[in-house]
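This report refers to the structure that appears directly beneath it.
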Amino acid sequence: MTGVVTETTLRAAPQTEAVEYARRLAARTMRTWALMEREELVTAIVAELVANAVRHAGTALELRLQRTAGRVRVEVRDRASQLPRLTVPGPLDESHRGLFIVDRFATAWGAEPVTGGKVVWAEVAL
(Lines give C-alpha, C1' and ligand atoms only; values in the text may rest on other atoms or scores of the structure.)
Protein backbone atom coordinates (compact mmCIF):
# COMPACT_ATOMS: atom_id res chain seq x y z
CA MET A 1 0.00 0.00 0.00
CA THR A 2 1.48 3.31 -1.02
CA GLY A 3 0.04 6.80 -0.96
CA VAL A 4 -3.45 7.61 0.21
CA VAL A 5 -5.64 4.54 0.07
CA THR A 6 -8.88 6.33 0.87
CA GLU A 7 -10.17 9.36 2.71
CA THR A 8 -13.37 10.92 3.96
CA THR A 9 -14.23 14.52 4.79
CA LEU A 10 -16.78 16.39 6.90
CA ARG A 11 -17.38 20.14 6.77
CA ALA A 12 -19.19 21.62 9.74
CA ALA A 13 -20.22 24.85 11.41
CA PRO A 14 -18.61 25.64 14.77
CA GLN A 15 -21.43 24.13 16.83
CA THR A 16 -21.30 21.48 19.52
CA GLU A 17 -23.28 19.10 17.26
CA ALA A 18 -20.22 18.97 15.00
CA VAL A 19 -18.43 16.85 17.61
CA GLU A 20 -21.08 14.14 17.50
CA TYR A 21 -21.29 14.23 13.69
CA ALA A 22 -17.51 13.88 13.50
CA ARG A 23 -17.44 11.05 16.04
CA ARG A 24 -20.11 9.12 14.12
CA LEU A 25 -18.33 9.65 10.81
CA ALA A 26 -15.04 8.44 12.32
CA ALA A 27 -16.64 5.32 13.81
CA ARG A 28 -18.43 4.49 10.53
CA THR A 29 -15.25 5.11 8.54
CA MET A 30 -13.12 2.89 10.79
CA ARG A 31 -15.67 0.09 10.40
CA THR A 32 -15.75 0.57 6.62
CA TRP A 33 -11.96 0.34 6.59
CA ALA A 34 -12.15 -2.82 8.80
CA LEU A 35 -10.07 -1.12 11.50
CA MET A 36 -12.32 -1.76 14.49
CA GLU A 37 -9.30 -2.34 16.75
CA ARG A 38 -8.35 1.35 16.29
CA GLU A 39 -11.87 2.76 16.24
CA GLU A 40 -11.90 3.90 19.88
CA LEU A 41 -8.55 5.70 19.59
CA VAL A 42 -9.45 7.44 16.34
CA THR A 43 -12.94 8.49 17.44
CA ALA A 44 -11.56 9.91 20.72
CA ILE A 45 -8.93 11.90 18.80
CA VAL A 46 -11.53 13.15 16.31
CA ALA A 47 -13.87 14.24 19.11
CA GLU A 48 -11.12 16.15 20.93
CA LEU A 49 -9.75 17.90 17.83
CA VAL A 50 -13.20 18.90 16.58
CA ALA A 51 -14.25 20.05 20.07
CA ASN A 52 -11.11 22.19 20.27
CA ALA A 53 -11.86 23.74 16.88
CA VAL A 54 -15.44 24.50 17.91
CA ARG A 55 -14.43 25.94 21.28
CA HIS A 56 -11.24 27.80 20.48
CA ALA A 57 -11.41 28.67 16.78
CA GLY A 58 -15.14 29.25 16.49
CA THR A 59 -14.97 29.09 12.69
CA ALA A 60 -16.18 26.69 10.04
CA LEU A 61 -14.09 23.53 10.20
CA GLU A 62 -13.18 20.57 8.07
CA LEU A 63 -12.38 17.08 9.32
CA ARG A 64 -10.43 14.76 7.06
CA LEU A 65 -9.63 11.11 7.76
CA GLN A 66 -6.98 9.46 5.61
CA ARG A 67 -5.93 5.84 5.57
CA THR A 68 -2.48 5.20 4.21
CA ALA A 69 -0.05 2.35 4.55
CA GLY A 70 0.48 1.78 8.25
CA ARG A 71 -1.55 4.67 9.66
CA VAL A 72 -4.76 6.63 9.93
CA ARG A 73 -4.34 10.40 9.82
CA VAL A 74 -6.90 12.76 11.33
CA GLU A 75 -6.80 16.40 10.22
CA VAL A 76 -8.99 19.24 11.46
CA ARG A 77 -8.71 22.51 9.58
CA ASP A 78 -10.18 25.75 10.86
CA ARG A 79 -9.87 29.44 10.03
CA ALA A 80 -8.13 30.59 13.21
CA SER A 81 -4.41 31.25 13.05
CA GLN A 82 -3.49 30.57 16.69
CA LEU A 83 -1.79 27.19 17.06
CA PRO A 84 -2.81 24.95 19.97
CA ARG A 85 -0.52 24.29 22.91
CA LEU A 86 -0.30 21.11 24.91
CA THR A 87 -0.96 21.70 28.60
CA VAL A 88 -0.87 19.06 31.29
CA PRO A 89 -4.07 19.37 33.31
CA GLY A 90 -4.04 19.18 37.06
CA PRO A 91 -6.05 16.43 38.75
CA LEU A 92 -8.94 18.83 39.48
CA ASP A 93 -8.92 20.65 36.13
CA GLU A 94 -12.15 20.15 34.23
CA SER A 95 -10.79 21.53 30.95
CA HIS A 96 -7.53 21.63 29.00
CA ARG A 97 -7.58 17.87 28.51
CA GLY A 98 -8.14 17.74 24.73
CA LEU A 99 -4.58 17.81 23.45
CA PHE A 100 -3.42 15.85 26.49
CA ILE A 101 -5.75 13.03 25.38
CA VAL A 102 -4.63 13.36 21.75
CA ASP A 103 -1.00 13.24 22.86
CA ARG A 104 -1.63 10.01 24.79
CA PHE A 105 -3.67 8.25 22.06
CA ALA A 106 -1.87 9.34 18.89
CA THR A 107 1.39 7.96 17.54
CA ALA A 108 2.25 11.53 16.48
CA TRP A 109 0.43 14.86 16.29
CA GLY A 110 1.07 18.48 15.43
CA ALA A 111 -0.32 21.73 14.10
CA GLU A 112 0.62 23.68 11.00
CA PRO A 113 -0.34 27.13 9.82
CA VAL A 114 -1.97 27.09 6.38
CA THR A 115 -3.39 29.82 4.19
CA GLY A 116 -6.51 31.06 5.91
CA GLY A 117 -6.01 29.21 9.21
CA LYS A 118 -4.40 26.07 10.53
CA VAL A 119 -4.50 22.28 10.41
CA VAL A 120 -4.21 20.24 13.59
CA TRP A 121 -3.39 16.62 12.81
CA ALA A 122 -2.85 13.33 14.60
CA GLU A 123 -1.81 9.89 13.40
CA VAL A 124 -2.60 6.44 14.75
CA ALA A 125 -0.34 3.58 13.69
CA LEU A 126 -1.99 0.46 12.30
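The values are calculated or read from the model by the stated rules, or taken from the named source; none is laboratory data. Note that this is a predicted model, so its numbers are computed, not measured. No Cβ is skipped: glycine too gets one built from the backbone with ideal geometry, and neighbour counts run over all protein chains shown. We work out accessible area using only protein heavy atoms, side chains counted, and drop any ligands, DNA or RNA first. Shrake-Rupley method; radii C 1.70, N 1.55, O 1.52, S 1.80 Å.
See the values below:
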item	result
Probe 1.4 Å, accessible area per residue of the chain, Å²	57 Å²
Within a Gaussian network of the chain (alpha carbon springs, distance under 10 Å), most fluctuating of Val76, Val50, Val88	Val88
Surface accessible to a 1.4 Å probe, Leu83 within the full protein complex, Å²	70 Å²
Point-charge dipole on Cβ atoms (K/R +1, D/E -1) for the chain, about Cα centre, debye to 20	260 debye
Carbon and sulfur %, accessible surface of segment 33-126 computed with the full protein complex present, 1.4 Å	49 percent
Helix 17-32 axis, angle to the chain major axis (alpha carbon atoms, nearest 10°)	20 degrees
Structure-based [θ]222 nm, the chain - -39500 (n - 2.57) summed over DSSP H runs of at least 4, per residue, nearest 500	-10500 deg cm²/dmol
Candidate residues Met36, Met30: accessible-area rank, largest first, probe 1.4 Å	Met36, Met30
Gaussian network model of the chain, springs between alpha carbon atoms under 10 Å - residue of Leu86, Leu63, Leu41 with greatest fluctuation	Leu86
Dipole magnitude of segment 40-80 about its Cα centre (Cβ charges: Lys, Arg +1; Asp, Glu -1), debye to nearest 20	160 debye
